[in-house]
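One structure is given here, and the rest of the page talks about it.
The values are calculated or read from the model by the stated rules, or taken from the named source; none is laboratory data. It should be emphasised that the depicted structure is a prediction, and the values quoted were computed from it without experimental measurement. Ideal geometry is used to build each Cβ from the backbone, glycine not excepted, and the neighbour counts take in all protein chains shown. Areas reflect the complete protein model, heavy atoms only, side chains present, ligands, DNA and RNA absent. Shrake-Rupley method; radii C 1.70, N 1.55, O 1.52, S 1.80 Å.
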Amino acid sequence: MSIKRTDPLRVAVLASGRGSNLQAVIDAIEAGTVQAKIVAVISNKKEAPALARAGRYGLSAFFIDPKPYAGRLDSREAYDRELLDVLKHHDVELVLLAGYMKIVTAVLVEAFMNRMMNIHPSLLPSFPGLDVQKKAIEWGCKLAGCTVHFVTEGVDEGPIIIQAAVPILDADSPDTLAARILEQEHKIYPRAVQLFAEGRLRVEGRRVVIEAGTPKGEVVISQS
Ligand code: GRF
């Protein structure tokens, strides 16, 4: 049963880099294809272009400095507790990792179980981790792609929501392949957010079932 909301889904984006996926979500919201509102953009990198991008759109942008936690045994968990406070303060319903180069701990994973997504530039479960376009070429794969998945404690391991595939051409370098994959990332990440906003993602063990978007059985939640 899908749920039609009348209020936009409250989304936070965590990003460490250029933020092109953040931009894709911003664009989809502006175009009306995603019914959501970005209530916070958070980075572990002060100079992340994603933060500047957020600023240009008048979005609330936060740099959370990892340095004060360095050296502590629980440095990653303590960092995530500070981050979680920001997410709670903004009543965030869905967290998007978009080029967020920090491993999230159980503190965040448990608080946002099945409510935190990541985008990864490979067809998972092949090629988790870094430099994955280069690895796909080196392995002689004929197809590469990208995956949106829910975040669990295992890196790049959670239930898969959507994937898109692209060919690997003989002439490809990691950069040309990454550019071809990125085009697809910008399509499937907003799509996954909208499916979530429509209440159509059901997690069954390792699998995500996408429920039909028929008006039959829809529940309209009214604010009044
Ligand atoms: C993307 O390729 C994404 O799949 C990966 O990191 C990159 C982030 O790019 N997780 P951007 O910062 O969204 O442009």
Evaluation of SER43 against (1) within 16 Å of the ligand (Cβ to nearest atom); (2) farther than 21 Å from LYS187 by Cα; (3) polar (S, T, N, Q); (4) out of contact with any strand residue (DSSP E or B) (no Cβ under 6 Å at 6 or more places or on another chain) (one fails), failing number:
(4)
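Here are TYR79, TYR100: which of them is more than 23 Å from GLY199 (Cα to Cα), in a helix (DSSP H, G or I) and open to solvent by less than 50 Å² (accessible area, probe 1.4 Å)? First the steps, then the outcome.
Details: TYR100 fails: in a helix (DSSP H, G or I).
From the options TYR79, TYR100, the qualifying one is TYR79.
Can you confirm whether ARG191 is away from the ligand (no atom under 16 Å from the Cβ), within 18 Å of VAL151 (Cα to Cα) and either open to solvent by 20 Å² or more (accessible area, probe 1.4 Å) or aliphatic (A, V, I, L, M) (or both)?
Details: away from the ligand (no atom under 16 Å from the Cβ): no; within 18 Å of VAL151 (Cα to Cα): yes; either open to solvent by 20 Å² or more (accessible area, probe 1.4 Å) or aliphatic (A, V, I, L, M) (or both): yes.
The answer is no for ARG191.
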Top-ranked residue of segment 104-121 - restricted to ones that are farther than 18 Å from ASP85 by Cβ and either outside any loop (DSSP other than H, G, I, E, B) or modelled with pLDDT under 95 (or both), ranked as farthest from the chain's Cα centre (by Cα)
HIS120
Selection count where residues are more than 16 Å from the ligand (Cβ to nearest atom) and farther than 23 Å from VAL92 by Cα, scope segment 109-142
5
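ALA98 - would you say it is closer than 23 Å to THR152 by Cβ, of a type in the set (Gly, Ala, Ser) and under 19 Å from the mean Cα position of the chain (by Cα)? Outline the logic, then answer.
Numbers: closer than 23 Å to THR152 by Cβ: yes; of a type in the set (Gly, Ala, Ser): yes; under 19 Å from the mean Cα position of the chain (by Cα): yes.
Criteria met by ALA98.
When you scan segment 46-60, how many residues do you find that are within 14 Å of the ligand (Cβ to nearest atom), over 14 Å from the mean Cα position of the chain (by Cα) and of a type in the set (A, V, I, L, M, F, W, C)? Write out each step before concluding.
In the first step, residues of segment 46-60 are kept if they are within 14 Å of the ligand (Cβ to nearest atom); the result is 47-54.
Imposing the further condition that a residue be over 14 Å from the mean Cα position of the chain (by Cα) reduces the set to 47-49, 51-54.
So of that shortlist, the ones also of a type in the set (A, V, I, L, M, F, W, C) come out as 48, 51-52, 54.
Here the count works out to 4.
Given segment 1-65, what strands (runs of 3 or more DSSP E) lie entirely inside it while holding 3 or more residues that are buried (at least 17 other Cβ atoms within 10 Å of the Cβ)?
Numbers: elements: 3-5, 9-14, 36-43, 61-63.
By residue number, 9-14, 36-43.
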What is the one condition in (1) within 16 Å of the ligand (Cβ to nearest atom); (2) closer than 23 Å to GLN194 by Cα; (3) assigned to a loop (DSSP other than H, G, I, E, B) that ASP91 does not satisfy?
(1)
